[in-house]
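Working notes, structure below.
What follows is calculated from the coordinates using simple rules that are stated; it is not laboratory data. No experiment lies behind these values; they were computed from the predicted model shown. Glycine gets a Cβ as well: all are built from the backbone with ideal geometry, and neighbour counts include every protein chain shown.
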């Protein structure tokens, strides 16, 4: 049988790939249809991150990837217009430059997107501030009272506390994050970054104590209620905790609605679990927060194709977490209590530092 010759490709493949408009269209496809990060797109297409961002910005500003005819050098902005750009950014520190550009065009001002960005970059600094706890004055008093009530506890008693908490890990933790534009003499901590709920998530629940790691598992229903939480404790967590500690332990949990709900209280009482009181707005005093920080620091360097890969990685990190780290986190509680007390109930400021 005679083999027919291959049908030639209409145009040279490399020429198509190198076509500027085609590549920009491909960037948009990978970004908005395949949900690739800018970094992944740049690596896949062997392009610079700046070119990837430029293609996205071009689409957002003009609704096209094509280069529009140049109208000559943009006019120099007047001092009044520069001041208007700055004021619009001052009114909303999280507003993207593209929104300011659109507002000005709608209002009839002749200004380019690049000019708006240039003014903002000249005046402001992009903030990478972490989330901060805004503790109310009432809760500061409660935190101080809690410290006074527990400051005489000895290490032996603290070692009996089973510290617990939930933690949500995101598949794409860097996406959907908005940063503030701050002035050079301002502090990033005063402008905590905002988050957009756009990334698939999975919730974990962990417990540690003076024994080290105690229990770790996925919470079946992330929208946790008093019913699902009490079922989780009864069926999965509490049998392991009691097997490790017997009856001689104190149970810690924060004041989340599911933890304070009636069904949870009934279950813990019926199971003869002694629950220690906990001050509101106090994750900084919970040693397990440092476990989450340790994990988050490791996960930050990785990327995942799907939620299953993320899940396996988090479980692997729990297995690799040294018990010595856990014991050190618990022992650090006394220093945290002293700091909070000496600072009138304010947040322990370095509790979110990443541990290596």
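Please work out whether the range 79-123 counts as rounded, prolate or oblate from its C-alpha gyration tensor, where a ≥ b ≥ c are the square roots of the eigenvalues and a/c under 1.5 means rounded, while otherwise a/b larger than b/c means prolate and anything else oblate? It comes out rounded by the Cα gyration axes.
The mean sequence distance of close C-alpha pairs (under 8 Å, at least 6 residues apart), as a share of the length of the range 79-123, puts its relative contact order at 44 percent. Computed extension length for residue 244-residue 51: 63.9 nm, one decimal, from 0.36 nm per residue of separation with the Cα-Cα distance subtracted. Calculated FRET efficiency, residue 90 to residue 168, Cβ-Cβ distance, R0 = 41 Å: about 0.80 to the nearest 0.05. Using a Förster distance of 30 angstrom, determine the FRET efficiency expected from the C-beta separation of residue 190 and residue 62, and round it to 0.05. Efficiency computed from Cβ-Cβ geometry: 0.25. Potential lengthening of the chain between residue 201 and residue 332 amounts to 44.2 nm, from the contour at 0.36 nm per residue minus the alpha-carbon distance. Angle between the Cα long axis of helix 20-32 and the longest principal axis of the chain, 0 to 90 degrees, nearest 10? Around 20 degrees separate the two axes. The alpha carbon gyration tensor of the range 137-342 gives principal lengths a ≥ b ≥ c with a/c of 1.5 or higher and a/b no greater than b/c, which makes the shape oblate.
How far is it, in nm, from the label point at residue 152 to the one at residue 136 when both lie 7 Å from their Cα along the line to the Cβ? A separation of 3.1 nm, rounded to one decimal place.
Helix 49-62 and the long axis of the chain differ in direction by around 70°, with both axes built from C-alpha atoms. Model label sites at residue 80 and residue 303, defined 7 Å from Cα along the beta-carbon direction, differ in position by 4.8 nm.
Working from Cα pairs under 8 Å separated by at least six residues, relative contact order for the range 137-342 is 26 percent. Judged by the gyration tensor of its Cα atoms, with axes a ≥ b ≥ c, the chain is oblate; a/c meets the 1.5 cut and b/c is at least as large as a/b. For the chain, take the longest principal axis of its alpha carbons; what is the angle in degrees between that and the long axis of helix 288-299, to the nearest 10 within 0 to 90? On a 0 to 90 degree scale, this one is about 30. Considering only 101, 32, 204, the Gaussian network model of the chain with Cα springs below 10 Å gives its largest mean-square fluctuation to 32.
The slack between residue 271 and residue 99, meaning 0.36 nm per residue of separation minus the straight C-alpha distance, is 56.4 nm. Between 50, 334, 115, the GNM of the chain built on Cα springs shorter than 10 angstrom shows 50 fluctuating the most. Secondary-structure-derived ellipticity at 222 nm for the chain, considering helices only, amounts to -13500 deg cm²/dmol, per-run term -39500 (n - 2.57) for DSSP H runs with n ≥ 4. Using a simple spin-label model with pseudo-atoms 7 Å out from Cα toward Cβ, residue 255 and residue 223 lie 2.6 nm apart.
Contact order, relative form, for the chain: 15 percent (alpha carbon pairs under 8 Å, 6 or more residues apart, mean separation divided by residue count).
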